Amino acid sequence: MPDLKNYREVGVFDLLSAPLNPIGAFDAEQFKLDARALIDAHPDDKFVAVDLMGLDFVYSDAYNAFLQFQHELSSKGGMLALLTNSNTILDGLKKAGLDRKLRVFAFEEELMSFSLHSQAPEEQTSSAGVDESTSAPVASQNVRSASSSSSDEPRAERKTGHQRRFTKSFNAITKDEKKLAKQGLAMPFDEEKSSGTTVLAIIVILIVLGGLTAFFLMR
């Protein structure tokens, strides 16, 4: 059998190019032939994806072909996936009720990400079964250790940005500030006292002047 050249490996997937008919539409019959040849040539490969990038739609016969190979690959623990970001194809899958049966990836990076998570299941299982009691203790970053507390390193000043001007405590007011505040509270009373004295002096002067004027007029 000649080497197949219509696919490339992307992670665990064999990404098969979409076969097109003379009018540029997806050729479902040719896809069946290509997918069968690919699976037969690589029987150990369980993940196959179809590159539909650049296509705006596929016909119902393509959906039937996708389901046929999805059933075959899922029986081996694999899947048939579609690589597309076409909203028309996604809507067609949803209307046909295949959006939950066929896995769709929008970018090749998603194929790689899926591949990374699907590999080495035994390592994940062994790491999940590690006894937590034997795990190394983790030093808390919120509590300083005894060795660090006895060190002579100066503690970094806590910065609060512009809020620092609001952090001065009321109890930190100096005695001079208290004295000034006390004087400030007494000032209204002092002003009221001096104003009353001035008014009284003016009244007395007016009375004296009035008396003198009347005295000179009576003469």
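The values are calculated or read from the model by the stated rules, or taken from the named source; none is laboratory data. Everything numeric in this text was worked out from a predicted model, so none of it was measured. Neighbour counts run over all protein chains shown; Cβ positions are idealised from the backbone, glycine included.
When segment 55-101 is examined, which residues are found to be without any contact (Cβ under 8 Å) to a residue 24 or more places away in the chain and under 31 Å from the mean Cα position of the chain (by Cα)? Give the derivation first.
Going residue by residue through segment 55-101, those that are without any contact (Cβ under 8 Å) to a residue 24 or more places away in the chain are 71, 74-75, 87, 90-91, 94-95, 97, 99-100.
Matches in segment 55-101: N87, L90, D91, K94, D99, R100.
What are the residues in segment 65-111 that are charged (D, E, K, R), within 22 Å of D34 (Cα to Cα) and part of a helix (DSSP H, G or I), if any?
Pass one, segment 65-111, residues charged (D, E, K, R): 72, 76, 91, 94-95, 99-101, 103, 108-110.
Now narrow it down to the ones that are within 22 Å of D34 (Cα to Cα): 72, 76, 101, 103, 108.
Correct list: E72, E108.
Somewhere in segment 97-107, is a residue aromatic (F, W, Y), out of contact with any strand residue (DSSP E or B) (no Cβ under 7 Å at 6 or more places or on another chain) and modelled with pLDDT of 95 or more? Spell out the reasoning first.
From segment 97-107, those aromatic (F, W, Y) are 105, 107; that's our starting set.
Imposing the further condition that a residue be out of contact with any strand residue (DSSP E or B) (no Cβ under 7 Å at 6 or more places or on another chain) reduces the set to 107.
Filter once more, so that each one left must be modelled with pLDDT of 95 or more: 107.
Yes: one or more hits.
Out of segment 70-94, which residues are surrounded by 15 or more Cβ atoms within 10 Å (Cβ to Cβ), of a type outside the set (A, V, I, L, M) and within 18 Å of S118 (Cβ to Cβ)?
Within segment 70-94, the subset surrounded by 15 or more Cβ atoms within 10 Å (Cβ to Cβ) is 70, 72-73, 78-84, 86, 89-90, 92-93.
If we keep only those that are of a type outside the set (A, V, I, L, M) as well, we get 70, 72, 78, 84, 86, 92.
Within segment 70-94, Q70, G78 meet the criteria.
When segment 66-109 is examined, which residues are found to be closer than 17 Å to A28 by Cα and of a type in the set (V, I, T)?
Passing the criteria: T84, I89.
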